[in-house]
Amino acid sequence: MASWAHEGIIELFRKDPDLAPQLLRGPLGVEVPEYSEAKVESGTLTQLHPAELRADLVVRLASGTRSAMAIVIETQTKRDPNKLYSWPAYVTSLRHRLRCDVCLLVVAQSEPVADWAAQPIHLGPRGLIEPLVLRPSVVPIIDDPEDARKAPELAVLSALAHGGGSVETAVRVALAATTAAQDLDRDRFMLYFDLIVQALSQTAQEAFRMDSQGIRFFTKEFQQSYERLAVLEVRGFRITAEQRERIVRCSDLETLDRWHRRAVTVSSTDELFE
């Protein structure tokens with residue numbers, strides 16, 4: 001089975017903090033309080049005497065200056081008995097620090113791990129914590145590029161969850177997620193594209209490479225076009241979605257080289273295409 005990259009999953013939530021409450025309200029059916037902003041908080045949960053505790057990621061839902069709710073996000077690839085002791089500490093420490101309700105969201109990378117993580121953690125007589133578990137089977141299948149563009153991080157998570165299943169479905173979600181990712185900055189695109197490809201089974205990878213729409217993402221010309229984008233981004237230019245699309249879709253090496261030389265000296269992105 002294809003493996004999801006631990007840091008890659010956390011980066012999805014870091015880039016889009018609203019992804020966590022969106023998943024709670026959607027696939028998990030959890031009531032989330034109204035909030036004005038979702039922010040990434042420090043995942044370091046220190047105490048006076050034990051060793052430092054560090055969660056994978058913490059998202060705080062703010063309502064004005066007040067903390068409405070906090071979400072501890074943990075991603076699990078396998079069963080780990082130690083987490084049954086550290087997870088309650090994350091929740092209680094964060095609750096003490098932020099003075100608000102706290103929930104634990106475990107992103108399980110397989111159904112057996114999800115079954116294990118979903119068990120209530122008993123703290124003592126009448127005390128327990130119930131992790132909220134996002135298992136691959138409940139992650140929505142996003143195979144429409146327009147839907148993917150509205151929520152790129154959720155689209156990538158969909159590709160991670162379903163990339164190892166049916167080849168036809170895997171290729172559709174990979175294509176939708178990659179199409180959405182190409183509208184982002186170059187570094188995020190390269191990260192997300194690598195996550196998507198690595199999540200596919202070998203058969204799905206080969207099918208994606210041979211797909212009439214997917215093949216262009218693997219060409220030398222496509223990768224070179226992103227090097228041209230990098231020059232413009234380093235120089236601080238704001239690249240519109242239309243300009244980005246024009247650059248990444250260009251397959252003529254002579255044109256790409258001309259744009260590359262101009263990118264070093266132009267005073268605006270419009271001059272690049274003159």
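What follows is calculated from the coordinates using simple rules that are stated; it is not laboratory data. None of the values given here were measured: they were computed from a predicted structure. FYI the Cβ positions are ideal-geometry reconstructions off the backbone, even for glycines, and counts take in every protein chain you see.
For the pair Val234 and Met210, what calculated FRET efficiency results from E = 1/(1 + (r/R0)^6), where r is the Cβ-Cβ distance and R0 = 41 Å, to the nearest 0.05?
Plugging the Cβ-Cβ distance into 1/(1 + (r/R0)^6) gives 0.75.
How high is the relative contact order of region 146-273, in percent, with contacts defined as C-alpha pairs under 8 Å that are six or more residues apart?
20 percent
Using a cut-off of under 17 Å, list every residue of region 154-192 whose amide N is near the label point 7 Å from the Cα of Glu245 along the Cα-to-beta-carbon line.
The answer is 176-185.
How big is the charge dipole of the chain about its Cα centre, in debye rounded to the nearest 20, if each Lys and Arg gets +1 on its Cβ and each Asp and Glu gets -1 on its Cβ?
With Lys and Arg at +1 and Asp and Glu at -1, about 740 debye.
So what's region 6-138 giving for Rg/Rh, alpha carbon basis, Kirkwood Rh from the mean inverse pair distance?
Using only Cα positions, Rg/Rh for region 6-138 is 0.94.
About its Cα centre, how strong a charge dipole does region 6-138 have in debye, to the nearest 20, once Lys and Arg get +1 and Asp and Glu get -1 at the Cβ?
So the magnitude is around 320 debye.
Give me the one-decimal nm value for the distance between modelled label points at Gln202 and Arg126, 7 Å along each residue's Cα-to-Cβ direction.
Computed distance between label sites Gln202 and Arg126 equals 5.7 nm.
Tell me, what does the Kirkwood hydrodynamic radius of region 127-247 come to in angstroms if you use every pair of distinct C-alpha atoms?
Answer for region 127-247: a Kirkwood hydrodynamic radius of 15.1 Å.
Quick one: length gained pulling Ser63 to Ser42 fully straight, 0.36 nm per residue minus the C-alpha distance?
Computed gain between Ser63 and Ser42 is 5.7 nm.
Angle, helix 220-234 long axis vs. longest principal axis of the chain, Cα atoms, 0 to 90°, nearest 10?
The helix 220-234 is inclined about 70 degrees to the chain.
Amide H to amide H under 5 Å from Glu41: which residues, 5+ apart in sequence or cross-chain, H placed 1.01 Å off N in plane?
Amide H to amide H, under 5 Å and 5 or more residues apart or across chains, Glu41 pairs with Val58, Val59, Arg60.
Report relative contact order for the chain in percent, whole number only (criteria: Cα-Cα under 8 Å, sequence separation at least 6).
Dividing the mean separation by the residue count of the chain yields 13 percent.
Ratio of Rg to Rh for the chain, alpha carbon only, Kirkwood?
We get a ratio of 1.04 for the chain.
With unit charges on the beta carbon (Lys/Arg positive, Asp/Glu negative), name the residue among Ala155, Gln205, Ile247 whose Cα is farthest towards the positive pole of the charge dipole of region 146-273.
Checked the options; the winner is Ile247.
I'd like the antiparallel share, as a percent to the nearest 5, of DSSP beta bridges with both residues in the chain.
Roughly 65 percent of the DSSP beta bridges within the chain come out antiparallel.
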